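Heads up, the thing below is written out as structure tokens.
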Amino acid sequence: MKLRIEQLREQSIKAINRLSAERALLITEFYQSGKAQNEPIAVQRALSFEHLMLNKAIYIGEGELIVGERGPAPKATPTYPEISLHSLNDLDMLNNRPKVSFRVDAETRMAYRDVIIPFWQGNTQRDRIFAALNDKWKSAYSAGVFTEFQEQRAPGHTVAGNKLFRKGMLDLIGEINQSASLPENQTDTNKIAQLHAMKIAAMAMVSYAIRYADKLESMATLESDTERLNELIDMVRICRRVPAHAPQTFHEALQHYWFLHVGVITELNPWDSFNPGRLDQHLLPFYRKGIADGSLTEVKARELLQAFWIKFNNHPSPPKMGVTALESNTYTDFALINLGGLRFDGSNAVNELSFLILDVIEEMRLLQPSSMVQISNKNPDSFVKRALLITKTGFGQPSFFNSDVIVQQLLSQGKSIEDAHNGGASGCVETGAFGTEAYTLSGYFNLNKVLEISLNNGLDPRTGLLTGIETGDPANFGCFDDLYTAYEKQLQYFIDLKIDGNNTIEKMFARQMPAPFLSLLIDDCIANATDYNAGGARYNSSYIQGVGLGSITDNLSAIKKWVFDERRISMTKLMEALRNNFRDNDALRYDLIYKSPKWGNNDESADRHAVRVFNSFYQAVNGRPTARGGHFRINMLPTTSHVYFGSVIGAMPDGRLATEPLSEGISPVQGADTHGPVAVLLSAAKIDHIKTGGTLLNQKFDPSFFEGEESLEKLVSLIRTYFRLGGHHIQFNVVNAETLRNAQKHPEKYRDLIVRVAGYSDYFNDLGESLQEEIIRRTAHGMA
Amino acid sequence: MKGLVFDIRSFSVHDGPGIRTTVFLKGCPLECLWCHNPESRSPEVEKVMREYKLGSSCIRMPENIGKEMSVNQVVERVEADRPFFEESGGGVTLSGGEPLFQPNFTTALLKELKNKSIHTALDTSGFAQAEALDAVFPFTDIFLFDLKLADERRHLKFTGRTNLPILNNLRWLSEKGASLFIRIPLVEGITDTAENLDAIRHIISKLKGVQRIDILPYHYTAQQKYERLGQPYHLENMKAYNRQKAEKHKELFVNLAPHVSVGG
């Protein structure tokens, strides 16, 4: 690694996360001025974006090769008061909390107190959303049955496609003009306004790049170092070319993407920032052309990629507020680079750049961007092995995805074969058609809270409130199926609530919070003359994420065995034990924990409950229409919500004590998988992953599993077998408990310790204590 | 027919090629001082107390080591792992204990596995009746064969048995054209002496069909098992075998097989 990159990397890691009022002040200034108040909302939004791009600070770090920041400096993180407004209390909490803190200085606090809060209070998207949702929804939401992604962040979760690397803003303006001249759009004032807004946004982005070119030019006049001077002159040229025009060189392609990335995450705070997607595909033509004509060397390409990596790491997730801070307590903003997989025509996509980028991932060892490899049957083992050698170093990247299953998921949702081949996974594990799909994540769904409410005839035992519907007193259930029927009814009730709420919120975003800049980048928003948030994309999916499959499986299997099959305990007694949190009842808890069938051991008496719940969840959600004209789908991932969801549930029949975390993704309950990884994979493969838009499976491995060629080959086979059985994703946590314990005791010595949490990596020190404990507890599969 | 099985473990990565599932049979005629599976020695079901933790409290419950299983039960269990065998070129390994201590069950099980086209390996001390070896031979793809001590008296002293049948069986397998993986445990001052390693080297050099030699350095992980079983452990203060030393000993054998490694 060159000294320059080392320094930039060090700066990025050491930079303190700060909350910046810059964006909030600019957006307030714009709306306060009232100058766009008579324009259609989309045009207002585009003009506000223009105001941001023309006035936000220009930041060029020493030695930087790729430029552009969301805030005024690395890790200075803006806020989005038009979406959700931090209170002074929120700011103080962010400043003072020990984990994932954001420094808030006195000036920022004052700006909030005097300018931002007075203007936006009561008038944010969040205020409007909560005012529009009914009491039943709110009761379920406060009980922790589900969360709501769009209460603090805009819908997003989308990924760049190939078009983005082939077209400049001026090309897109050409497309806009063409779309505006179509007979069906010409006469529609709304559509004309949408296209007009997109055009303003495109030009605003060009102006932003030119501001960088001007600044670089003035820096160049003062530069005495010849080498740097040449670089600056080159960068001036690049920023005058992209993103106005399509990139022509490797460096231009990276800078082009980065400007657009900054645009997307400045316009709004979409959940999951933005993502270049299939980077080894998009960059390959630029790479090969540069190498062939001698304008690029492998060394230079490597340095540029490293500089690109650092840019991502400079951008933590926008700070949250209230309970959401508990649900997802992390800095990471979920950009997930995809490598490998299949080309548009279905052939093997692994190329020399795939391997070069893996080198960069290994050398940079950064939290963001996260990275994954897509593994198709058509990809060579050498690629899987190279990726495993990085996984072995123990920072959780890259994770492994099944391209062939991703393609099948997309096809089963009705996408074209080429769009499916161009797809991948983003965020944690979420399948999407890159460049053509708006796939919004709408919220986590607490499969186990639904069981607790079913066991209490609709009441939430934590509050005593009737939160669900009355499905009968479980004491009167004659057989297990009576209980399951009650569970399914409650599930349907809560899914209906969630979907109604989602549709209300989707309509509000479509109407009030269009994203004209993002709409430029995702097909076919321009051709349809319709905003990304209003269903303009070619495909529109809204996901509900099921959480706690392992826990619900073990809960149901324990009830079936002890209450209905063996009749060791009556339902009434079991409920009493749960209410008492198993106080003075170790004998019962011992049976529940150690003598019950558990998910993750390839034990049919447990696993059939997983399959049943999974299918009930799928039936309740899949295919239902969304307000944007798309469909609801399911996936199975928790981020960190399994901790929050556990905190609102009392003791459960699997022996889990009140408020402890639930299982994450489709992984077994922590420590419940006692038969090794083969059994875990066999269990996990029993659900039909093609019915989902992603599942998350975490396997913790001792680093020794990765020692030597033979071990690597066996891990390749392990992954390949899971994928042959239809698994979607697997990730390896390669650390030992001793290291983690030491890290808890001496956090200062382990500042760089990154662990895979659940579909993403985070600094171990930034995790809450219960999450740290959970990671330590996760079964470390020892040598057989 | 039933056999006494004490464990079946998937993802055994050190018991032969590919991803394997190892069936551990209970009962062994040897009493090696360094045995790392003391629960495998007695040919009877054993009862032990096992501790289960529930937060700060702890419950002790009796547990059986060893379970009578039919051939079909074992086959059904290992069949579940078939996709992993097929993908990796793995299969099933019978280990112990000494699988040839239950010759009829072992033969029937291997035969049934071959019927199902599952690759088989037999992990043996070689201390067995010639007839038993003859019976399993047609159904065994690979023999994982332990060579511990070449000297007859020292073998008797540290394992409780002489090695004459072992060496005879080894030569017989070699003559019959068996695929042999030789496994040499390294125990400080017992098996790692220059004389012993030289003699073992000499034995191997006379064999045909040796495809692989694994040097297995001693580790103290089994000590806790002895405590739980209430059995005396004679190597109480022995440290894990020095890795560099093991690598050095490996050099003795590198010319004797296509693949020689430390750690199995």
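Regarding A:GLY294, is this residue small (Gly, Ala, Ser), at pLDDT 95 or above and assigned by TED's automatic domain parsing to the domain that holds A:LEU388? For A:GLY294, the condition - small (Gly, Ala, Ser), at pLDDT 95 or above and assigned by TED's automatic domain parsing to the domain that holds A:LEU388 - is not met. Residues of the stretch A:42-61 that are over 28 Å from the mean Cα position of the chain (by Cα) and closer than 23 Å to A:ILE192 by Cα: A:VAL43, A:GLN44, A:LEU47, A:HIS51.
Among the residues of the stretch A:419-462, those that are assigned to a strand (DSSP E or B), among the aliphatic types (A, V, I, L, M) and touching a Phe, Trp or Tyr at 6+ places or on another chain (Cβ under 8 Å) comprise A:ALA425, A:ALA438, A:LEU441.
When A:VAL100, A:VAL115, A:VAL104 are screened for being of a type in the set (Val, Ile, Thr) and more than 17 Å from A:PRO318 (Cα to Cα), only A:VAL115 passes. Here A:SER667 fulfils each of the conditions (1) more than 14 Å from chain B (Cβ to nearest Cβ); (2) not in a loop (DSSP other than H, G, I, E, B) apart from (2).
Just checking, how many residues over the stretch A:379-413 are in a loop (DSSP other than H, G, I, E, B) and either touching a residue at least 40 places away in the same chain (Cβ under 8 Å) or crowded, with 24+ Cβ neighbours inside 10 Å (or both)? Don't jump to the end; show me each part of the working.
Taking the stretch A:379-413 as the starting set, the residues that turn out to be in a loop (DSSP other than H, G, I, E, B) are A:379-380, A:392-398, A:413.
Then keep just the ones that are either touching a residue at least 40 places away in the same chain (Cβ under 8 Å) or crowded, with 24+ Cβ neighbours inside 10 Å (or both); that gives A:392-398, A:413.
Total meeting the criteria: 8.
Scanning the stretch A:1-32 for residues that are among the charged types (D, E, K, R) and over 29 Å from the mean Cα position of the chain (by Cα) turns up A:LYS2, A:ARG4, A:GLU29.
Based on this model, can you work out whether A:LEU279 counts as in contact with a strand residue (DSSP E or B) (Cβ under 8 Å, 6 or more places away or on another chain), farther than 13 Å from A:MET169 by Cβ and buried (at least 18 other Cβ atoms within 10 Å of the Cβ)?
Working: in contact with a strand residue (DSSP E or B) (Cβ under 8 Å, 6 or more places away or on another chain): yes; farther than 13 Å from A:MET169 by Cβ: yes; buried (at least 18 other Cβ atoms within 10 Å of the Cβ): yes.
Considered against the rule, which asks whether it is in contact with a strand residue (DSSP E or B) (Cβ under 8 Å, 6 or more places away or on another chain), farther than 13 Å from A:MET169 by Cβ and buried (at least 18 other Cβ atoms within 10 Å of the Cβ), A:LEU279 comes out as yes.
Select from the stretch A:686-710 the residues that are within 14 Å of A:TYR722 (Cα to Cα) and within 14 Å of chain B (Cβ to nearest Cβ) and write down the one among them that is modelled with the highest pLDDT. If you could, list the steps in order and put the result at the bottom.
Applying the first criterion (within 14 Å of A:TYR722 (Cα to Cα)) to the stretch A:686-710 yields A:686-690, A:695-699.
Restricting the remaining residues to those that are within 14 Å of chain B (Cβ to nearest Cβ) gives A:686, A:699.
Numbers: A:LYS686: 98, A:GLN699: 84.
Per the stated criteria, the residue is A:LYS686.
Condition check ((1) of a type in the set (S, T, N, Q); (2) outside any helix (DSSP H, G or I); (3) out of contact with any Cys (no Cβ under 6 Å at 6 or more places or on another chain)) across all residues:
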residue	(1), (2), (3)
A:SER541	yes, yes, yes
A:GLN545	yes, yes, yes
A:SER551	yes, no, yes
A:ASP554	no, no, yes
A:TRP562	no, no, yes
A:ARG567	no, yes, yes
A:LEU578	no, no, yes
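Here the condition is being farther than 30 Å from A:ILE505 by Cβ, touching a His at 6+ places or on another chain (Cβ under 8 Å), away from chain B (no Cβ under 14 Å) and among the hydroxyl-bearing types (Ser, Thr, Tyr); of A:SER570, A:SER557, it holds for A:SER557 alone. Considering (1) over 23 Å from A:TRP309 (Cβ atoms); (2) in contact with a helix residue (DSSP H, G or I) (Cβ under 8 Å, 6 or more places away or on another chain), the lone condition that A:GLY34 does not fulfil carries the number (2).
Does any residue of the stretch B:93-114 turn out to be within 25 Å of A:LYS686 (Cα to Cα) and touching an Asp or Glu at 6+ places or on another chain (Cβ under 8 Å)?
Kept after step one, since they are within 25 Å of A:LYS686 (Cα to Cα), are these residues of the stretch B:93-114: B:113.
Checking the rest, the ones that are also touching an Asp or Glu at 6+ places or on another chain (Cβ under 8 Å) come to none.
No - not one qualifying residue is present in the stretch B:93-114.
Screening A:TYR484 on (1) touching a strand residue (DSSP E or B) at 6+ places or on another chain (Cβ under 8 Å); (2) part of a helix (DSSP H, G or I); (3) not basic (Lys, Arg) shows it passes everything except condition (1). If I filter the stretch B:200-210 for residues that are closer than 16 Å to B:PRO258 by Cβ, among the polar types (S, T, N, Q), part of a loop (DSSP other than H, G, I, E, B) and out of contact with any Phe, Trp or Tyr (no Cβ under 6 Å at 6 or more places or on another chain), do I get at least one hit? No, the stretch B:200-210 contains no residue that is closer than 16 Å to B:PRO258 by Cβ, among the polar types (S, T, N, Q), part of a loop (DSSP other than H, G, I, E, B) and out of contact with any Phe, Trp or Tyr (no Cβ under 6 Å at 6 or more places or on another chain).
Does any residue of the stretch A:730-747 turn out to be away from chain B (no Cβ under 11 Å), in contact with a Lys or Arg (Cβ under 8 Å, 6 or more places away or on another chain), assigned to a helix (DSSP H, G or I) and not small (Gly, Ala, Ser)? Break it down into steps so the answer makes sense when it comes.
Filtering the stretch A:730-747 for residues away from chain B (no Cβ under 11 Å) gives A:730-747.
After this cut, where a residue has to be in contact with a Lys or Arg (Cβ under 8 Å, 6 or more places away or on another chain) as well, the list is A:731-735, A:742-743.
Among the residues that remain, those that are also assigned to a helix (DSSP H, G or I) are: A:742-743.
In the following step, the residues that additionally are not small (Gly, Ala, Ser) were identified as A:742.
Yes, the stretch A:730-747 contains a residue that is away from chain B (no Cβ under 11 Å), in contact with a Lys or Arg (Cβ under 8 Å, 6 or more places away or on another chain), assigned to a helix (DSSP H, G or I) and not small (Gly, Ala, Ser).
Just the residues that are of a type in the set (A, V, I, L, M, F, W, C), crowded, with 24+ Cβ neighbours inside 10 Å and more than 18 Å from A:ILE544 (Cα to Cα), please, taken from the stretch A:652-669. Walk me through how you get there before you give the answer.
Of the residues in the stretch A:652-669, the ones of a type in the set (A, V, I, L, M, F, W, C) are A:652, A:657-658, A:662, A:666, A:669.
Of the ones still in play, those that are also crowded, with 24+ Cβ neighbours inside 10 Å are A:652, A:662, A:666, A:669.
Those that are of a type in the set (A, V, I, L, M, F, W, C), crowded, with 24+ Cβ neighbours inside 10 Å and more than 18 Å from A:ILE544 (Cα to Cα): A:MET652, A:VAL669.
Looking across B:LEU170, B:LEU186, B:LEU207, B:LEU144, one residue alone is aliphatic (A, V, I, L, M), crowded, with 18+ Cβ neighbours inside 10 Å and without any contact (Cβ under 8 Å) to a residue 40 or more places away in the chain. It is B:LEU207. For the stretch A:342-366, the set of residues classified as in contact with a Phe, Trp or Tyr (Cβ under 8 Å, 6 or more places away or on another chain) and part of a loop (DSSP other than H, G, I, E, B) consists of A:VAL350, A:ARG365, A:LEU366, listed by residue number.
The values are calculated or read from the model by the stated rules, or taken from the named source; none is laboratory data. Fair warning: this is a prediction, and the values are worked out from it, not measured in the lab. Please note: Cβ atoms are built from the backbone with ideal geometry, for glycine as well, and neighbour counts cover all protein chains shown.
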